[in-house]
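Worksheet for the structure shown next.
The values are calculated or read from the model by the stated rules, or taken from the named source; none is laboratory data. For clarity, every value in this text was computed on a predicted model and none was experimentally measured. In this analysis, Cβ positions are derived from the backbone assuming ideal geometry, glycine residues included, and neighbour counts consider all displayed protein chains.
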Amino acid sequence: MSNTSNQLVINLSPHLLSIAKIRRKKIVQAEQLVLNPDQWAAFWEEGLIGLDQPLRQLMSRFSSRNSLPATLIYHSPTATTQVHRFDLNPVAAREAGAVKIRDAVGFGDPVETCVFVHGKKRGKSVTTLVYSEREEQLRTLYGWLNRCNIQVRSLIPENVAAMNTAALMAQDVEPRTAIFYLGANISVMAYAIDSEVKLIRSIAIGYQRLAECYLRMLSDGMEEASLQENQDQGESPAGDVGSQATKMLFEHGVPVGRAKVDGVELQSEVMPMLAPVLQRFCIEIKQTFRFGLHGESMPERLMVCGPGSSIPHISKVIAQHIDMHIRLDPAAESFSPTLAFGKGTLEHSIITTNSYPDGLLPDIAHDANMQQFLSRGLTVGALMALIALGGEFTKTSVRCEQIDYLINNDQRRLNVVNEFHDQRNEAIGLAMVISDISGLVSDNVEGITQWNNLLGELATIKPESIRIHELRGNIKNGVSILEISGMAAAGSDKQSSQDLNMFVRRLEEFESTDRVTHGGTSRVSIGEDQWARQFRLNVELKTALLSYQQLAHLKEGEEDMWGTP
């Protein structure tokens, strides 16, 4: 979607070239030139060079000095469109649709997608419009606009724009109502159920096919000598006659009654030529809804929309062949399809609703946009760097002046600080030497086992019934172990066990003890009818860190701990 507040919108079709200047979704100025559709194929064969002069002529009517970005809506018989429904989220649906169309167009042509999701309600399936255009066609359009000094924003095929507009209309009409969008060169059938698009299809036929019937009537009335004279003078009246035929179509419409124009009875002269075109419309409508809904409920009403809905009696003729209630767009009476970007035209609907589909661009446009983006980024970056350098230089200059002022006004304190700084450096150097020595000692001397703490308190923590026979210190696998052998002699065997357990518990609670394990206990006799518990305990002692190790952690860069005076 295009969100630019000021831009140009250009419409290119076999019959018309028009330009509008847009400002905040409003048409400020619109201009158009009528083209000769017989030269349409020749224009493309010559790379649209024949349209350079008409485009420059239209652009000269705009007074804007600034180059505005332009969105081109163009008629393209080579654009490929596919409609798919996926049970996926919108992002995954876009990717799946792009994969589908790549099977048909390959990887050389650009691809875009348009997902129809209602803002208030999201259905289980997502209808996705996928479209692609041939790279050489996009290059031709891009080159044509660039030759006329027009900044290209996006290139949108006419059938894609019409399908997008019709789908949005189908989501907003009353239930069980389908849309028949009758455009200039494209017609679209769309149908939505509960704001979920179920069907959308376009056909390459529009109301210009009806205008051609009036054109043939006017051409038959022109004298051959007059045509030859105009051609000899370099003039081509076909464009003017085609514009007159279009105006007659919207003035007289489908001649269902007896009406004469310049002595010509329209019903007998024009109606036989209109009948096959109208029959084609009716057949396409019936076949689309009959075979395109895949089991969904059929619509009960058909609303004729688009610029073609303002053709007089068009709904009456369609109603004779379609088994649905036919109604016109309520706004059809106010349409002005013959004016440049007039109300009711496809371009007017897109602009006023801001419903621009994502456009296509050739590879050369993407490269140019990237180069322009990088150039702008480089320019902005250089400017910001200059501003930052200027600000930093100013800030640094001011700061230097402040420092000079402080130095000059506090020289005595600065001398003290410098002296302290020298003393601190000396202290740091000495601390580093001490740290290295302490680290060397710590690496080569193991920690101190806390033998004395337990041995000094052993007499106080043992019960009176505990008799210690032997104490043996040992180091096994780096663990300091104190082996205690002794005997618990109390008045009874039960009391001996309790005193031994109390002794073990006190050993475990002692702060220098890491763990206490039993080496073994046995019952021994110590007199007549008196027994005791002989035991052996292994007490693992904690190791205290050397005092050097804290000094060994002093490192360079820790000067801040010394402070300043």
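Within the stretch 56-102, which residues are more than 30 Å from residue 115 (Cβ to Cβ) and at pLDDT 95 or above?
none
Tell me, which residue of the stretch 332-341 that is out of contact with any Lys or Arg (no Cβ under 6 Å at 6 or more places or on another chain) and in contact (Cβ under 8 Å) with a residue 24 or more places away in the chain is surrounded by the fewest Cβ atoms within 10 Å (Cβ to Cβ)?
Top of the filtered list is 339.
Looking only at helices (runs of 4 or more DSSP H) that fall completely inside the stretch 29-116, which ones have 2 or more residues that are touching a helix residue (DSSP H, G or I) at 6+ places or on another chain (Cβ under 8 Å) and crowded, with 19+ Cβ neighbours inside 10 Å?
Details: elements: 40-45, 52-59, 90-105.
The helices (runs of 4 or more DSSP H) meeting that bar number zero.
Can you find, within the stretch 483-529, the residue that is surrounded by the most Cβ atoms within 10 Å (Cβ to Cβ) among those that are under 17 Å from residue 471 (Cα atoms) and of a type in the set (Val, Ile, Thr)?
Applying the filter and picking the extreme gives 484.
How many residues does the stretch 238-263 hold that are surrounded by 15 or more Cβ atoms within 10 Å (Cβ to Cβ), of a type outside the set (S, T, N, Q) and out of contact with any strand residue (DSSP E or B) (no Cβ under 6 Å at 6 or more places or on another chain)?
12
Checking residue 521 against (1) β-branched (Val, Ile, Thr); (2) closer than 17 Å to residue 458 by Cβ; (3) assigned to a strand (DSSP E or B), only one condition comes out false. Which one?
(2)
Enumerate the pairs (first residue in the stretch 352-367 and closer than 15 Å to residue 112 by Cβ; second residue anywhere and at pLDDT below 90) with beta-carbon separation below 7 Å, excluding pairs fewer than 6 apart on the same chain, so at least 6 apart or on different chains.
These pairs meet every condition: 356/1; 356/2.
Find the residue count for the stretch 57-103, including only residues that are among the β-branched types (Val, Ile, Thr) and without any contact (Cβ under 8 Å) to a residue 24 or more places away in the chain. Show your work before the answer.
Taking the stretch 57-103 and keeping what is among the β-branched types (Val, Ile, Thr), we get 71, 73, 78, 80-81, 83, 91, 99, 101.
Now narrow it down to the ones that are without any contact (Cβ under 8 Å) to a residue 24 or more places away in the chain: 91, 99.
Selection size over the stretch 57-103: 2.
Any chance you could count how many residues in the stretch 264-276 are crowded, with 18+ Cβ neighbours inside 10 Å and in a helix (DSSP H, G or I)?
First, the residues of the stretch 264-276 that are crowded, with 18+ Cβ neighbours inside 10 Å: 266, 269-270, 274.
From what is left, the residues that are in a helix (DSSP H, G or I) are 266, 269, 274.
Within the stretch 264-276, residues that are crowded, with 18+ Cβ neighbours inside 10 Å and in a helix (DSSP H, G or I) number 3.
Just checking, which of 164, 149 is in contact (Cβ under 8 Å) with a residue 60 or more places away in the chain, out of contact with any helix residue (DSSP H, G or I) (no Cβ under 7 Å at 6 or more places or on another chain), crowded, with 24+ Cβ neighbours inside 10 Å and not hydrophobic (A, V, I, L, M, F, W, C)?
164
I'm checking my understanding of the structure. Among residues of the stretch 500-518 that are assigned to a helix (DSSP H, G or I) and in contact (Cβ under 8 Å) with a residue 40 or more places away in the chain, which one is nearest to residue 540 (Cα to Cα)? Show your work before the answer.
Looking only at the stretch 500-518, we keep the residues that are assigned to a helix (DSSP H, G or I), and these are 500-509.
Okay, now just the ones that are also in contact (Cβ under 8 Å) with a residue 40 or more places away in the chain, so 503, 506-507.
Details: 503: 15, 506: 14, 507: 10 Å.
Result: 507.
Just to verify a result, which residue in the stretch 448-499, among those that are of a type in the set (Gly, Ala, Ser) and part of a strand (DSSP E or B), is nearest to residue 510 (Cα to Cα)?
So, considering only residues that are of a type in the set (Gly, Ala, Ser) and part of a strand (DSSP E or B), the one nearest to residue 510 (Cα to Cα) is 480.
Run residue 477 past the list (1) surrounded by fewer than 18 Cβ atoms within 10 Å (Cβ to Cβ); (2) at negative phi and report the number of the one that doesn't hold.
(2)
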